[in-house]
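Below is one structure, written out as structure tokens; comments come after it.
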Amino acid sequence: FASVIYNKPLTRAQDSCSHRCGELLGTCSCQVTCQSLGICCPDYNEFCLQISPYSGSLMGGKDFLIENTALNTSVLTCRFKQKIKTSGYVDKDGKAHCISPLLYETGFIPFEFSTDDGLTFPYSGTWLSVHHSKVAEGEKCTLVNETKWQYYGTPNTDGNLTLSWTHQALAATHINIEVWGYQETGDSYSENWFAEWKYLYTLARETPNTGIFSFTPVPAKANYSTWDFGILRITPSTYSDGQSNTLSVWSSAHALAWHLGEDFRNDPNAWATAKCVEWDRKEEKLPNFTEEIIDCPCTLAQARADTGRFHTDYGCDIEKGSVCTYHPGAVHCVRAIQASPRYAAGQQCCYDSTGAQILTQDSTGGSTPDRGHDWGSPPFMKPPRIPGFSHWLYDVISFYYCCLWSANCHFYMKNRPSSDCRTYRPPRAASAFGDPHFLTFDGLNFTFKGQGEYTLVESDLTSLRVQGRTQQARFPNGTEAHVTGLSAVAMQENNSDVIEVRYSEDLNLEVLLNQKVVNFSEQSWMDLKGLFLHSTADQKITVMFSSGSGVEIRGSGGFLTLTVLLPEKFMNHTEGLFGVMNGNTEDEYTFKNKTTMSVHASPQQLFEFGANWAVENGTSLFTYDTEFLLNNFFYGEKHNASFLPVFFPYEDPADPLVKEMVSLCDSDPFCRFDVLTTRSLQVGNSTRLSHQNHKQLVENLEPVISCGWLDHPTNGRKEGTNYLLGSAIRFICNQGYELIGSKERICQVTGVWSGDIPNC
């Protein structure tokens, strides 16, 4: 801890941060917390780098500025992950720049640079590598009318193609446009399976850098026209063809219809059909990944509530007007966040306007699982885990073969059938908000008004720990009330990164990743170690751990509102203030030593229960990077025993606030409590909304019974596509056929359809 040297007299020679960023040294610190504590080594800013921009596509080629170092050298070597070297340069102001490399992974990538021709690399920082489709559009070159590029050569699609880009992005008068192809070679699901982006040929040389280029595509030379998935790269024409890790602007990855050979152009349908049939044969030899992917939530409400395991599929988003090109009839789709354990496969779930799941067995708008998860999955680097591109190879280009360039979609749907929801189990939710009120996983609620740092939930299943700090409320007028609220929440699972969300001393919401403040100005989604992190425009922070557990935090009225979602496997594996998750409220108040207290305990007894769950310095996940935090929470008691809260706020009928409180809160006890203790209707309203949101969430996560998909009889049809409890499916035979069996079957509470299988 930086606090160890906080009060040391500095006598001997100062240590240096050269090669030592992130370390605590004998006389000073090279840790990120040193700046606010004022204990940095004198050369901290020289060696521990801040960069701008801090992120870019995993395809590389982006120029970033190293902000805090002025150099008097012109030769610069940048090195990523201690092995990938790219050339840097020093601009006329003496500022250093690096070019990001092509990476086969996303997330924070360590880099260093050298000024002595690669002998030593004393300067270090991190670069955020991002999924290619999550990069801002202005950073890529645009395939104008992208559909035309990807259908070129099919009936009624010919003529010119146009490429546009921001010409200022490349400091060059002339540029080259190159074609690159992507392939994965070797034996599927083995150690010798490799991913490769390969330079194919140069489409245009020495073209003026005007920001626009039009051409009439011709079939590529024989050996290149077999590449059907790839990308374009624009580079200054001073570089040699295909030179790696140079300044570049990439297009989006796309189906290369426009350069395919004469055989495709002469009969696209026959060419694509042959490709589709070949893909189908290959699929039959590959392991069946659908057996291990998570089942879909049964309803749209469940899918949007299970934020630890499912996230909006941006290709079909109800909040952006439900433009669902690949899923006609759907209003919203979600993707499973984590790839499946063995095959790194992905799940997708789509829903119609009634909130019911759409299955491919009923409609081409149904949800299709993915052999390659679109977002990739750690440790990335090897197929089928490459972000975006493995998915294209197994699930997207094959969709072009079978569904878009030919009419063989039944082959695709056979290999990518929707999962129904018969084995889906919703997670359980616990929340804390206001003058802290706690709603446990099993549905008990209580108020604990301690001041300190406490274990909210801990699990031996995955070493999940979520800790909360409560502080005395500070109100804009400067008064402190005898009220505490959540001011910081820190969390970790197994050996994942540590995330902390807190109110800073000037009441701004901050997110810390391993003690360093995260900046969401360029990226709202980050792939981190053991978790994904997402921030919305209105500052709702979601942490999605690899176990499927999720934590949601938002600031409201000066306090944090926290929700923790845990999948069913955590049953009987939790302890802390959120109780023992097992469906039984009797043992909610379980102490560290496993003794329990009655659920009818008084507020004073609950105060003792809460105090028992104070964290210790050795296991604290919090960052103590200010004098205030060090003195009050690091050196001070973890539970402030001298702070005595108001246990029973008094409702004075003559108090003018009481009348307003009644009209605001109605019968909500938490809202009434907080208005009385804080004397603030705004705090009461925040509490009321948080309480409402929690009740709505619990309702949305109620289990739903599904009886599973029913087929229509041969020589007949069916009416109805909802397979949940109480829904009916009717069967009608074609003319000249008679129905034997049940005309109508109803989904029963046992999860079984009534009646018998109909035959015509």
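Points worth noting:
- Relative intensity, log₁₀ I(q)/I(0), of region 106-243 from a Debye sum that treats every alpha carbon as a point, q = 0.22 Å⁻¹: -1.42
- Considering only the chain, percent of DSSP beta bridges that pair antiparallel, nearest 5: 95
- Cα-centre dipole for region 428-623 with unit charges at Cβ (Lys and Arg positive, Asp and Glu negative), debye to 20: 60
- A probe of 1.4 angstrom, applied to the heavy atoms of all protein chains, finds residue 271 with accessible area near 40 square angstrom.
- Centroid-to-centroid separation of region 582-636 and region 525-571 [C-alpha atoms, Å]: 21
- Aspartates and glutamates with Cα under 17 Å of residue 743, excluding same-chain neighbours fewer than 8 positions away: 711, 719, 756
- Neighbour net charge for residue 332 - beta-carbon separation under 11 angstrom, K R +1, D E -1: -2
- For the listed residue pairs 414/718; 83/134; 285/414, the alpha carbons are over 18 angstrom apart in 414/718; 83/134.
- Note on region 385-450: the C-alpha convex hull projects to 8.9 nm² when averaged across all orientations.
- Accessible-area value, residue 442, 1.4 Å probe, nucleic acids and ligands omitted, Å²: 30
- Measuring max minus min along each principal axis, the C-alpha atoms of region 705-759 give extents of 36, 17, 13 Å (largest first).
- 222 nm mean residue ellipticity, helices alone, for the chain (DSSP H n ≥ 4; -39,500 (n - 2.57); rounded to 500): -3500 deg cm²/dmol
- Accessible area per residue in Å² at 1.4 Å probe, computed on region 268-416: 37
- Exposure check, 1.4 Å probe, all protein chains in place: residue 689 carries approximately 80 Å² of accessible surface.
- Remark: region 137-266 carries 45 Å² of accessible area per residue (probe radius 1.4 Å; ligands, DNA and RNA excluded).
- At 0.890 mPa s and 25 °C, Stokes diffusion of region 293-344 via Kirkwood alpha-carbon radius, µm² per second: 211
- Amide H contacts under 5 Å for residue 622: none, restricted to partners 5 or more places along the chain or on a different chain, H placed in the peptide plane at 1.01 Å from N.
- Taking a Cβ cut-off of under 11 Å around residue 599, the surrounding Lys, Arg, Asp and Glu residues balance to a net charge of -4, with basic ones at +1 and acidic ones at -1.
- Net dipole in debye of region 641-737 [+1 Lys, Arg Cβ; -1 Asp, Glu Cβ; about Cα centre; nearest 20]: 460
- About the centre of its Cα atoms, the chain shows a dipole size close to 760 debye [charges on the beta carbon of Lys, Arg (+1) and Asp, Glu (-1) only; nearest 20 debye].
- Neighbours of residue 64, meaning other residues whose beta-carbon lies under 13 angstrom from its beta-carbon, give a summed charge of -3 when Lys and Arg score +1 and Asp and Glu score -1.
- [x] 270; [y] 214; [z] 203, with the label sought being that of the calculated volume of the Cα convex hull per residue in Å³: [z]
- Partner lysines for residue 85 [C-alpha distance under 22 Å; skip if fewer than 8 residues away on the same chain]: 62, 95, 198, 382
- Centroid-to-centroid separation of region 641-708 and region 40-87 [C-alpha atoms, Å]: 50
- Stokes-Einstein D (µm²/s) once Rh is taken as the Kirkwood radius of region 428-623 over alpha-carbon pairs, at 20 °C in 1.002 mPa s: 127
- Within straight-line cross-link reach of residue 449, lysines at Cα separation under 21 Å, skipping those fewer than 8 residues along the same chain: 592, 638
- Here the accessible area is traced with a 1.4 Å probe on the protein chains. For region 147-250, carbon and sulfur cover 50 percent of it.
The values are calculated or read from the model by the stated rules, or taken from the named source; none is laboratory data. In this text the structure is predicted, and so the values were computed from the model without any measurement. Quick reminder, even Gly has a Cβ in these numbers, built from the backbone with ideal geometry, and neighbours come from all protein chains shown. Accessible surface areas use protein heavy atoms only, side chains included; no ligands, DNA or RNA. Shrake-Rupley method; radii C 1.70, N 1.55, O 1.52, S 1.80 Å.
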